[in-house]
Amino acid sequence: MYTEREMTLDALEIAKTGAVMFTQAATETSNPQLRQALLQMRAQCEQTQQRISEYAQQRMFYMPAPPAPAQDVQTVARFLNQSVDPASITSENKFL
């Protein structure tokens, strides 16, 4: 018999996996309407994951990682913004 904790954490994992799968599917489709539908489904998974996470935290079933220091977040954000800047992709470094 499953405990409430096990069921909650399984549901949390299912919601997380759903969000990842919908994201992957959205990036692989060339149909704009399908991409939009998949992104909407991903958003629903993210909302569900957030609600389950809050429920699990209230019952002490789940404890997320502590927040990163603001300086670390800014450093990573700057790096990612530079890495994904479409203007920085030239014919010499285009990977697709």
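The values are calculated or read from the model by the stated rules, or taken from the named source; none is laboratory data. As the structure is a computational prediction, the values presented were derived from the model and not from experiment. In this analysis, Cβ positions are derived from the backbone assuming ideal geometry, glycine residues included, and neighbour counts consider all displayed protein chains.
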(message) Being within 18 Å of the chain's Cα centre (by Cα) and of a type in the set (A, V, I, L, M) is the filter here; which residues of region 27-55 pass it?
(response) ALA37, LEU38, LEU39, MET41, ALA43, ILE52
(request) Scan (1) loosely packed, with under 12 Cβ neighbours inside 10 Å; (2) closer than 23 Å to ARG5 by Cα for the single condition THR27 breaks and write down its number. (result) (2)
(message) Looking at region 46-75, I want the residues that are outside any helix (DSSP H, G or I) and have a partner that is of a type in the set (Phe, Trp, Tyr) and surrounded by 11 or more Cβ atoms within 10 Å (Cβ to Cβ) with Cβ atoms under 9 Å, at least 6 apart or on another chain. Which pairs are those?
(response) PHE61/TYR55; TYR62/TYR55
(request) Would you be able to tell me the number of residues in region 22-68 that are more than 17 Å from ALA11 (Cβ to Cβ) and at pLDDT below 95? (result) 4
(message) Checking the conditions here, which among THR8, THR75 is surrounded by 13 or more Cβ atoms within 10 Å (Cβ to Cβ) and either of a type outside the set (A, V, I, L, M, F, W, C) or in contact with a Pro (Cβ under 6 Å, 6 or more places away or on another chain) (or both)?
(response) THR8
(message) ARG42 - would you say it is closer than 20 Å to PHE61 by Cα, surrounded by 12 or more Cβ atoms within 10 Å (Cβ to Cβ) and not β-branched (Val, Ile, Thr)?
(response) no
(message) Condition check: at pLDDT below 95, surrounded by 11 or more Cβ atoms within 10 Å (Cβ to Cβ) and over 30 Å from ARG5 (Cβ atoms). Does VAL84 satisfy that?
(response) no
(request) Could you please tell me which pairs satisfy a Cβ distance under 9 Å, a separation of 6+ or placement on different chains, a first residue in region 1-24 that is more than 14 Å from GLU46 (Cβ to Cβ) and touching a residue at least 60 places away in the same chain (Cβ under 8 Å), and a second residue that is of a type in the set (A, V, I, L, M) and loosely packed, with under 11 Cβ neighbours inside 10 Å? (result) none
(message) Looking only at region 1-23, count every residue that is of a type outside the set (A, V, I, L, M, F, W, C) and touching a helix residue (DSSP H, G or I) at 6+ places or on another chain (Cβ under 9 Å) and tell me the total.
(response) 7
